[in-house]
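One structure below.
The values are calculated or read from the model by the stated rules, or taken from the named source; none is laboratory data. This is a predicted model, so every value here is computed, not measured. Here the Cβ positions follow ideal geometry from the backbone for every residue, glycine too, while neighbour counts run over all protein chains shown.
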Amino acid sequence: MIRKLLKRLPSPFGRPAHRRTTPAVIPASQHSLKRNQISRNAVTVVERLQQAGYQAFVVGGCVRDLLLDLDPKDYDVATSATPEQVRATFRNSRLIGRRFKLAHVFFGREIIEVATFRAGHSEDQDAGRDQSLQSESGRLLRDNVYGSLEDDAQRRDFTINALYYDVTRGTIHDYVNGVQDIRNQRVRLIGNPVQRYQEDPVRMLRAVRFAAKLDFEIEPHTAAPIAELAELLYDIPAARLFDEVLKLFLGGQGERTFDLLLEYDLFAPLFPDTDEAIDEQPEYTLKLIRQALRNTDQRINEGRPVTPAFLFAALLWPALPQRTRELENQGIALIPAQQQAAHDVLIEQCRHTAIPKRFSVPLREIWDLQPRLERRQGRRADQLLEHPRFRAAYDFLLLREAAGEQTHGLGQWWTEYQDASPEHRRRMIQQLSAGDAPRKRSRAPRKRKPRSGAAS
């Protein structure tokens, strides 16, 4: 099915890209990146590898971010040394990965990731299964075929991530016009887009993430096959997609990322039930999700903590009503139906995006507290205030109201109750009790029947 689809896609995707064998070497005087901006530990790794006789460069996203005056999250090094040779050079290192073998060099809490130059794959490549392995659809299952610096540049995903910085000379080696793409604010895939997405479908998500993060546009040839190939994501392990979802939505540009996922039909493979809810109730669902992402972006940009549990609670909440109604139609009462629906939605979601228990458990608690927030009589309100998930549940209630759910002022009541004095709280509870008290029916006076045997 996938192979037939790939054959139908028009050029230029079927044409091999022109391969550049000599880099543009950009001297220090022609770019803004300075050695003192680089992590001292990354510089140490590069210098020690060079002293040992290997080629070594700082590479990838850290170079891109520094050229854009952004703070890199981490630092990567590319080298001609094999992982085993890196391990022999650094006693403070260990090898990781099977699909893609790497070396991690430890400097306290900082980890410098060191990757050996990789080569591309061809059908006639004489490599063992321990080095290279692809699935029927073309997805790379193992990628330990080593090559030259030129090879490594050509097999990286995007041009903006294929820049090599020499800490010794201060030069940038650019084989794929990555510097020009940064200047043009463009995300461009290296090589044949169909083939590269086929090798690793997650690259489609990465294209969206970089476009949102950097406020770049996805280059037309890079963007064109995405919607057609989005279904390839269904073959990606759910645990890996969970990690990618966190990167997508917890980078401070979640709302923009969400819009791009919808534009390129990439949201459905990640959240199929929620995607159906968008079709059924677009106004409410989109408003709820966008508001949740907007709030998350604001907290991240203000340096405040966020929890994936709350975000996933918002992303999956629109899928609950339909499932609840189906269970009610089977004769199940409302509360048990809601609880069963929550369980079913989470189980189904984990088949696509594996949510760990450390997030799924508090997610369920946020959901389960929503109907409990309505039951406030007696000591229930005070008991709810003491619940460890109350604040998250309260914020989620406000989110639902902002999306248009009718709760009859429940959010305002809880807002007032939290700040009220003990006396005022008692009055609020009494008012609830009075409002809920059943009305007495007025009855006509009953006529007594005459006693039997009474004197007339």
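Would the stretch 365-377 turn up any residue that is within 21 Å of the chain's Cα centre (by Cα) and touching a residue at least 40 places away in the same chain (Cβ under 8 Å)?
Scanning the stretch 365-377, I find at least one residue that is within 21 Å of the chain's Cα centre (by Cα) and touching a residue at least 40 places away in the same chain (Cβ under 8 Å), so the answer is yes.
Every residue in the stretch 321-357 that is under 25 Å from Val245 (Cα atoms), surrounded by 12 or more Cβ atoms within 10 Å (Cβ to Cβ) and among the hydrophobic types (A, V, I, L, M, F, W, C), please.
Correct list: Ala341, Ala342, Val345, Leu346, Cys350, Ala354, Ile355.
Out of the residues in the stretch 249-261 meeting the condition of being part of a helix (DSSP H, G or I) and either of a type in the set (S, T, N, Q) or within 14 Å of Pro201 (Cβ to Cβ) (or both), tell me which one is farthest from the chain's Cα centre (by Cα).
Within the stretch 249-261, the first condition is being part of a helix (DSSP H, G or I), and the residues that meet it are 249, 254-261.
Then drop every residue that is not either of a type in the set (S, T, N, Q) or within 14 Å of Pro201 (Cβ to Cβ) (or both), which leaves 257, 261.
Details: Thr257: 9, Leu261: 11 Å.
Within the stretch 249-261, the match that is farthest from the chain's Cα centre (by Cα) is Leu261.
Filter the stretch 183-197 for residues that are farther than 18 Å from Glu150 by Cα, surrounded by fewer than 20 Cβ atoms within 10 Å (Cβ to Cβ) and in contact (Cβ under 8 Å) with a residue 40 or more places away in the chain and give the result.
Across the stretch 183-197, the qualifying residue is only Gln195.
Just a yes or no: is a residue in the stretch 255-271 over 23 Å from Val187 (Cα atoms) and either at pLDDT 95 or above or surrounded by fewer than 16 Cβ atoms within 10 Å (Cβ to Cβ) (or both)?
Among the residues of the stretch 255-271, at least one is over 23 Å from Val187 (Cα atoms) and either at pLDDT 95 or above or surrounded by fewer than 16 Cβ atoms within 10 Å (Cβ to Cβ) (or both), which makes the answer yes.
Surrounded by 15 or more Cβ atoms within 10 Å (Cβ to Cβ) and over 24 Å from Phe271 (Cα atoms): does that describe Arg427?
So Arg427 fails the test.
Just to be sure I understand the filter: pairs with C-beta atoms under 7 Å, separated by 6 or more residues or on different chains, first member in the stretch 74-103 and closer than 17 Å to Ala42 by Cα and in contact (Cβ under 8 Å) with a residue 60 or more places away in the chain, second member part of a strand (DSSP E or B) and of a type outside the set (Ser, Thr, Tyr). Which pairs pass?
Ala78/Phe57; Ala78/Val59; Ala78/Ala115
Quickly run through the stretch 272-283 and pick out the residues that are within 26 Å of Lys357 (Cα to Cα) and surrounded by fewer than 18 Cβ atoms within 10 Å (Cβ to Cβ).
Selection gives Pro272, Glu276.
Taking the stretch 262-278 as the search range and keeping residues that are more than 14 Å from the chain's Cα centre (by Cα) and part of a loop (DSSP other than H, G, I, E, B), which one is nearest to Trp317 (Cα to Cα)?
Once the filter is applied, the top-ranked residue is Asp265.
Looking for something buried (at least 21 other Cβ atoms within 10 Å of the Cβ), among the polar types (S, T, N, Q), touching a helix residue (DSSP H, G or I) at 6+ places or on another chain (Cβ under 6 Å) and not in a helix (DSSP H, G or I) - is there at least one such residue anywhere in the stretch 221-241?
No, because not a single residue in the stretch 221-241 is buried (at least 21 other Cβ atoms within 10 Å of the Cβ), among the polar types (S, T, N, Q), touching a helix residue (DSSP H, G or I) at 6+ places or on another chain (Cβ under 6 Å) and not in a helix (DSSP H, G or I).
Could you check, for the stretch 162-180, whether at least one of its residues is assigned to a strand (DSSP E or B) and under 26 Å from Ala230 (Cα atoms)?
No, the stretch 162-180 has no match at all.
Based on this model, can you work out whether Leu286 counts as within 21 Å of Pro356 (Cβ to Cβ) and either touching a residue at least 24 places away in the same chain (Cβ under 8 Å) or within 19 Å of the chain's Cα centre (by Cα) (or both)?
It is false that Leu286 is within 21 Å of Pro356 (Cβ to Cβ) and either touching a residue at least 24 places away in the same chain (Cβ under 8 Å) or within 19 Å of the chain's Cα centre (by Cα) (or both).
Being among the aromatic types (Phe, Trp, Tyr) and either under 23 Å from Asn177 (Cα atoms) or over 31 Å from the mean Cα position of the chain (by Cα) (or both): is that true of Phe106 here?
Answer is no for this residue.
Collect the residues in the stretch 386-412 that are assigned to a helix (DSSP H, G or I), touching a Phe, Trp or Tyr at 6+ places or on another chain (Cβ under 8 Å) and surrounded by fewer than 19 Cβ atoms within 10 Å (Cβ to Cβ), keeping them in residue-number order.
Asp395
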